[in-house]
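The values are calculated or read from the model by the stated rules, or taken from the named source; none is laboratory data. Remember, predicted model here, so these are calculated numbers, not experimental data. In this analysis, Cβ positions are derived from the backbone assuming ideal geometry, glycine residues included, and neighbour counts consider all displayed protein chains.
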Amino acid sequence: MKKLSMVVHKSLQQTLADYLRSQNLKTFMFTHIEEHSSHVEKDSSLSARDKVVGYVPQVRLDIILDEKDIKLLLEKTRNYDTTFKGKGIYWITNIDEFGEL
């Protein structure tokens, strides 16, 4: 098993959730986070509010899947219109154990 994590601007959360539901995923989780970075003022995709407060409201998505399913989901997400192109980051980590309590 692997865990796919993505971080995108909070304004994309609903679009990303709708897209993931269309992919028939059983479960995924969002966590609200704040990005603090020296490049915030220079990013043209940010709102005036983001630039003034000095941090960017983001959401982190976590999904646990088999490795082949993660690769396929990433490929589809990259090719999904241009909605997410250049608007987020991702990483994949190993899951040593996964289960229910």
Looking at the stretch 72-84, I want the residues that are of a type in the set (Ser, Thr, Tyr) and have a partner that is in a helix (DSSP H, G or I) with Cβ atoms under 8 Å, at least 6 apart or on another chain. Which pairs are those? 77/19; 80/19; 83/12; 83/15; 83/19
Determine which single condition residue 49 fails, assuming it passes every other condition in (1) part of a helix (DSSP H, G or I); (2) modelled with pLDDT of 90 or more. (2)
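Of all the residues that make up the stretch 52-74, how many are modelled with pLDDT under 90 and either surrounded by fewer than 16 Cβ atoms within 10 Å (Cβ to Cβ) or part of a loop (DSSP other than H, G, I, E, B) (or both)? Working first, answer last.
First, pick out the residues of the stretch 52-74 that are modelled with pLDDT under 90: 52-57.
Checking which are either surrounded by fewer than 16 Cβ atoms within 10 Å (Cβ to Cβ) or part of a loop (DSSP other than H, G, I, E, B) (or both) leaves us with 52-55.
Total meeting the criteria: 4.
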Return yes when residue 21 is at pLDDT 80 or above, farther than 17 Å from residue 91 by Cβ and not in a strand (DSSP E or B) and no when it is not. yes
